[in-house]
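The values are calculated or read from the model by the stated rules, or taken from the named source; none is laboratory data. What you are looking at is a predicted structure, and each value in this text was computed from that prediction instead of being measured. Virtual Cβ from ideal backbone geometry, glycine too; neighbours counted across all protein chains shown.
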Ligand SMILES: [Zn+2]
């Protein structure tokens, strides 16, 4: 981590002389040439002295333009791809052009629309720059090297901006992730330290598998709800819920009469008022609160006052008219009340039915849940017959980040782990049948240092599988020892080895496999990628290829493919640094962190398809003794509805499975 002076070093003018780059820039302030005053806003400060940081040198070439040099991998100047640095002390609306001038590769996804990642302190989520602001071209100023230039406009003076080749995933983040998992005390998750890197960082090994005692597992699957819900429609009335409705109904009536006065009372009062007025006019006195009917009854048969009544012809007719009206209104009120009562009863009935329906729905949900759990247990038992023959343990071995700059590898790996430790029924079944051994970060020093491909000592660890040294390649040595130990253990069957990488020139996820003389083995090897293609829209079977190039001799996939017996499959899983293309479209969908993790989840669930635990019907209908002994007819399986149907180039074809050439030598 060489400190730098405030002006570019003399050696820096020798463009492309990467020997001049000793370490990462550290809070490196760039002042315009000839400027002697105090630094001002807009005099950019570059920094890469942080975990996974990488920027070796900055040359300001004009007021707006800066040449940026990737710091080569430690002890190996051949590899210059990963960059990750911050810029601060910016001015609002300051426009810049950054040229990354010393890539060690020529082919790049930048030609296909890839753009660098950016985030800032106030916007901490990584985003890709708009591709229109990114140029990738051969530059005469830099020994005809390929240069990636991007334009950027800083918008917030207080922000620190960070730029990176791809989503960073640091060693510390990984440790925090594992610490979090450990705290959950899952009895099917075990973390151990398999070894240490040269710089004493942990080589973590995870084991994910169910505890031996299967009855425990079944109980755990069933424990949530063992009781079978009753399917009764009448039980609601038995427990006095009808009363509840009654109470609700009372409330309802209150609400419907906000004035708090009965309608009949209103009518009553107005009639009384009229009568009183008329009486007053006629000199009659009738007490308030006396019913008009009583008045009439008392008044009509009376004889003494007949005359006076006869004298009052008009009032009497009015009385009768009024009484008729009153009786009519009373009748209407009674009718209305009856109507209301009927409606109320209907409402109560409907509410009751609704409640019954609700109870039914929740019963159905409970039953469905129970059914699912029963199915899981059934799967476990049936699957055990299929898989746990004898005491042999089937092991799936997964490794990642042997190449430290290939950060998508970590997201995919985390997706696999997250799925395997989840409560998803498929995860339950997988844990029950298989032992997953995962070493997610094979090169922790390289990751920490911000290297692209090598370890601290400059080794591409994926070329040293043949003879790893315990002191120069300790993590690789540790993993290889463990794999050989398992290989020699008669109680263990190492079924899969998958090493996860990221690819800098290809789209999609895809795999590399091995070539075998044995045609049957060769065909069997194609099954897993075909199945994965069915499960993951971003995985391409037709980009998958099988090879035995000399240059790949020291890779894990090639070495273990040669070592392990014919029932084991070894793959390199590659995923694009940039994007994937979904079948039937041509548009590239840039990968997000989540999309990488989703690919991991799909890889995990594909093991279920592979071991064919999933389609119980198929298991019953087609008597297949063991997958590994049979001639593999992948297109015959019901779950293989045509090969690679989701690939952008149309159907996956058999041709690709015999594509013996490698499209790139990048892993
Ligand atoms: Zn790689």
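Just give me the residues in segment 561-581 being crowded, with 16+ Cβ neighbours inside 10 Å and over 20 Å from residue 166 (Cβ atoms), in sequence order.
In the first step, residues of segment 561-581 are kept if they are crowded, with 16+ Cβ neighbours inside 10 Å; the result is 561, 563-564, 568-581.
Answer for segment 561-581, where residues must be crowded, with 16+ Cβ neighbours inside 10 Å and over 20 Å from residue 166 (Cβ atoms): 561, 563, 564, 568, 569, 570, 571.
Being more than 13 Å from the ligand (Cβ to nearest atom), buried (at least 21 other Cβ atoms within 10 Å of the Cβ) and modelled with pLDDT under 95 narrows it down to one residue among 466, 430, 449; which is it?
Details: 466 fails: buried (at least 21 other Cβ atoms within 10 Å of the Cβ); 449 fails: modelled with pLDDT under 95.
Exactly one of 466, 430, 449 is more than 13 Å from the ligand (Cβ to nearest atom), buried (at least 21 other Cβ atoms within 10 Å of the Cβ) and modelled with pLDDT under 95, namely 430.
Only one of (1) farther than 21 Å from residue 175 by Cβ; (2) touching a strand residue (DSSP E or B) at 6+ places or on another chain (Cβ under 9 Å) fails for residue 429. Which number is that?
Just one mismatch for residue 429, condition (2).
Out of (1) farther than 27 Å from residue 595 by Cα; (2) in contact (Cβ under 8 Å) with a residue 24 or more places away in the chain; (3) within 16 Å of the ligand (Cβ to nearest atom), the odd one out for residue 473 is which?
All conditions are met except number (2).
Can you tell me which residue in segment 486-509 is surrounded by the most Cβ atoms within 10 Å (Cβ to Cβ), limited to those that are within 16 Å of residue 562 (Cα to Cα) and more than 16 Å from the ligand (Cβ to nearest atom)?
Among those residues, the one meeting the criterion is 494.
Hey, any hits in segment 385-405 for a residue that's within 16 Å of the ligand (Cβ to nearest atom) and either modelled with pLDDT under 95 or assigned to a helix (DSSP H, G or I) (or both)?
Residues of segment 385-405 that are within 16 Å of the ligand (Cβ to nearest atom), as a first pass: 398-405.
Filter again for either modelled with pLDDT under 95 or assigned to a helix (DSSP H, G or I) (or both), leaving none.
Within segment 385-405, not a single residue is within 16 Å of the ligand (Cβ to nearest atom) and either modelled with pLDDT under 95 or assigned to a helix (DSSP H, G or I) (or both).
Quickly run through segment 117-152 and pick out the residues that are more than 22 Å from residue 590 (Cα to Cα) and not in a loop (DSSP other than H, G, I, E, B).
Here is the first cut: in segment 117-152, the ones more than 22 Å from residue 590 (Cα to Cα) are 121-122, 138-146.
Listed by number, the residues that qualify are 138, 139, 140, 141, 142, 145, 146.
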